[in-house]
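See structure below.
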Amino acid sequence: MRFADARRFSESFFPEQILFHEPLGRYTTFGIGGPADVLVKALDVADLRKAVEMARNLKVRFLVLGGGSNVLIRDRGFRGVVILNRAAGVSFLPECPPPILDPVHPDLRPQG
């Protein structure tokens, strides 16, 4: 992730909401996972929307992480922004299709 992009995130959120090179194992039930370039703690729906829109506009890779179960993050971590969803009251409507993970994406390919 480019320094200028990381700086834009740090300028857009409160300091306690932004962590750099944060080990993701702290946020998974398995307790494993290397660092994220940038971790944004989205405390409400507005934060969540702002972080996702900012990542998309900057064309920065991002991952929204909820409770941290049913996810494994490799030891090398995640290059890009991890948005830690701590917003209460967020629900997904049944008429919205679920997100599709791209199996060709380097972070989603099986490691062998």
Item checked: Hits in the range 6-37 (condition: touching a Lys or Arg at 6+ places or on another chain (Cβ under 9 Å) and on the phi > 0 side of the Ramachandran plot) -> 33
Check: For the range 6-53, which residues satisfy the criterion of being of a type in the set (Val, Ile, Thr) and more than 25 Å from residue 75 (Cβ to Cβ)?
Finding: 45, 52
Checklist line | Yes/no for residue 49 being open to solvent by 20 Å² or more (accessible area, probe 1.4 Å), farther than 19 Å from residue 15 by Cα and modelled with pLDDT under 95 | finding: no
Check: residue 15: at pLDDT below 90 and open to solvent by 20 Å² or more (accessible area, probe 1.4 Å), yes or no?
Finding: yes
Margin query: Quick check on my filter: what residues within the range 62-112 are within 20 Å of residue 46 (Cα to Cα), at pLDDT below 90, among the aliphatic types (A, V, I, L, M) and open to solvent by less than 60 Å² (accessible area, probe 1.4 Å)?
Written below: 87, 90
Margin query: Need a quick list: strands (runs of 3 or more DSSP E) entirely within the range 1-92 having at least 2 residues that are of a type outside the set (Phe, Trp, Tyr) and touching a helix residue (DSSP H, G or I) at 6+ places or on another chain (Cβ under 8 Å).
Written below: 35-42, 62-65, 78-85
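The values are calculated or read from the model by the stated rules, or taken from the named source; none is laboratory data. This one's a predicted model, so the numbers in the text were calculated from it and none came from an experiment. Every residue, glycine among them, receives a Cβ derived from its backbone with ideal geometry; neighbour counts consider all protein chains shown. What goes into the accessible areas is simple: the full protein's heavy atoms, side chains included, and nothing from ligands, DNA or RNA. Shrake-Rupley method; radii C 1.70, N 1.55, O 1.52, S 1.80 Å.
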